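One structure is given below, encoded as structure tokens.
The values are calculated or read from the model by the stated rules, or taken from the named source; none is laboratory data. Note that the structure is predicted; figures quoted are calculated from it, not measured. Cβ: placed from backbone, ideal geometry, glycine included. Neighbour counts: every protein chain shown.
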Amino acid sequence: MFLSVFDLFKIGIGPSSSHTVGPMVAAGRFLEVLEGAGSIERTARVSVRLTGSLAFTGKGHATDSACMLGLMGLRPAETDPDDAARRLAQADESGELALAGRRPLPFTRARDIQFDFDTALPGHANGLSIRAEDAEGAALLEETYYSIGGGFVVTAAELEAGADPGSDASDVPYPFATAQQMLEMGEASGKSIARMKWENERAMRPEAEVLDGLDRLWRVMGDCIDRGLSQDGILPGGLSVKRRAKGIHQKMLGPGNQRFQHDVMDWLSLYAMAVNEENAAGGRVVTAPTNGAAGIIPAVIRYYEQFCSLDDESRRRGVHDFLLTAAAVGGIIKTNASISGAEVGCQGEVGSASAMAAAGLASALGATNMQIENAAEIALEHHLGMTCDPVGGLVQVPCIERNAMGSVKAVNACSLAMKGDGTHFVPLDTAIQTMRETGVDMLSKYKETSLGGLAARDELRPTINIVEC
């Protein structure tokens, strides 16, 4: 299965790709089927049941809001966060939801969105079921969906059939599914990873569309950094977490700021935090490869632009190579392991993003394919075993700072790899396999349920959003 750069990097809204973007996409898919059957006007009630991780941390991740927005006909890539907030407030106040944007239905969160803590669906930790009924209570449509990470969604039937999001690998010239295959194809063709990924993308869509799409991805990422640097206040959700990026930025630019050799780490951390504060506030972000890890790749690209002193055209090509190479590595990780915190812990989110960023930066700096693979392996290896334990079910603590640390690790991994010739002891494929096995062995309470790790500490538990089970 071939995963495009535009599959891995999707424009959406915060705070979570699997818990916000995914359920919104699922509701949209449900709406399309209902529309196709001519049943929108016959629908008298629609209800949602959230299970597993979606139930345990759905409130903190705004999963209920995402389902409502999807049922209203909104799509993540086109949704304006301010408009979404207005629509949700109107629906909550009126007790009415406009199905597909036109069919008014009685709808309240307490009655029509069930957080089912007792049921675990068999396919994935992130399961939800949506049901539409007519005026007599008979089912018009009922479907189960799984949000499998990074905004990817499959139905229960698709998952059982082994279907995976993406395109047929036979349609592209370099259908590598592992890092070893990627290196072998690169050596046989004499092409870089970025070039092979570019030709794969070109096999699927016109050149201008690929270029415009890459530019748009970086523009949205960059805008997210800039907005995050300009905002202050308290993040929503009840933890009273204060935005820090604006204040840190002002201090770093201030005349009295003492300069250190390690200032570059401060800039990396700042950019990552700016993005993830925006994500936590429900802002416009790019899944990279998830929302919970959305700050790492933008931070490292901004570092590349700011500190590598290139002319504009070379910089643009470098950003393109960065995104293409990062997507190549991300596709391999998703194919052979997971990018879902609910499935393998935070190693699958921050670890994957750091590996992708390390590979992307190495590519932009002209590294060999072996050095690029080494950079990704170093970054991933040193995130193995990381749990996903969001306090209060919010993508704030420890998630925001984890993005800062993942950004620094990515640059460090790139630097280490480029100081060698690319030969190393642990192959990237082995690190990916180890991540998958570690995720399987990890107790479920450490995988985005807020029942273990930092999230389970009594002194850190908020007075709201506490899961009862």
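Structure notes:
- Residue 132 vs. criteria in contact (Cβ under 8 Å) with a residue 12 or more places away in the chain and farther than 30 Å from residue 342 by Cα: no
- Candidate set: region 431-458, residues that are surrounded by fewer than 15 Cβ atoms within 10 Å (Cβ to Cβ) and not hydrophobic (A, V, I, L, M, F, W, C); chosen: the one farthest from residue 373 (Cα to Cα): 458
- In region 107-159, counting only strands (runs of 3 or more DSSP E) that sit wholly within it, the ones holding 1 or more residues that are acidic (Asp, Glu), over 27 Å from residue 350 (Cα atoms) and modelled with pLDDT of 95 or more span 113-116, 126-133, 139-149.
Rundown of residues vs (1) of a type in the set (Val, Ile, Thr); (2) assigned to a helix (DSSP H, G or I); (3) at pLDDT below 95, yes/no style:
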site: 384; (1), (2), (3): no, no, no
site: 397; (1), (2), (3): yes, no, no
site: 408; (1), (2), (3): yes, yes, no
site: 416; (1), (2), (3): no, yes, no
site: 420; (1), (2), (3): no, no, no
site: 425; (1), (2), (3): no, no, no
site: 430; (1), (2), (3): yes, yes, no
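- Test: residue in region 303-311 that is assigned by TED's automatic domain parsing to the domain that holds residue 411 and under 16 Å from residue 434 (Cα atoms): no
- Condition met for residue 27 (touching an Asp or Glu at 6+ places or on another chain (Cβ under 7 Å), among the small types (Gly, Ala, Ser) and either at pLDDT below 95 or assigned by TED's automatic domain parsing to the domain that holds residue 143 (or both)): no
- Residue match in region 202-222 (condition: charged (D, E, K, R), buried (at least 17 other Cβ atoms within 10 Å of the Cβ) and modelled with pLDDT of 95 or more): no
- Residue 244, sole failed condition from (1) buried (at least 22 other Cβ atoms within 10 Å of the Cβ); (2) more than 19 Å from the chain's Cα centre (by Cα): (1)
Residue-by-condition table, conditions (1) surrounded by fewer than 24 Cβ atoms within 10 Å (Cβ to Cβ); (2) modelled with pLDDT of 95 or more; (3) among the charged types (D, E, K, R):
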residue: 53; (1), (2), (3): no, no, no
residue: 63; (1), (2), (3): no, yes, no
residue: 70; (1), (2), (3): no, yes, no
residue: 82; (1), (2), (3): yes, no, yes
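Every residue, every condition in (1) of a type in the set (Lys, Arg); (2) free of Cβ contacts under 8 Å to residues at least 40 places away in the same chain; (3) closer than 18 Å to residue 33 by Cβ, yes or no:
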{"residue": "70", "(1), (2), (3)": "no, no, yes"}
{"residue": "75", "(1), (2), (3)": "yes, no, yes"}
{"residue": "91", "(1), (2), (3)": "no, yes, no"}
{"residue": "94", "(1), (2), (3)": "no, yes, no"}
{"residue": "108", "(1), (2), (3)": "no, yes, no"}
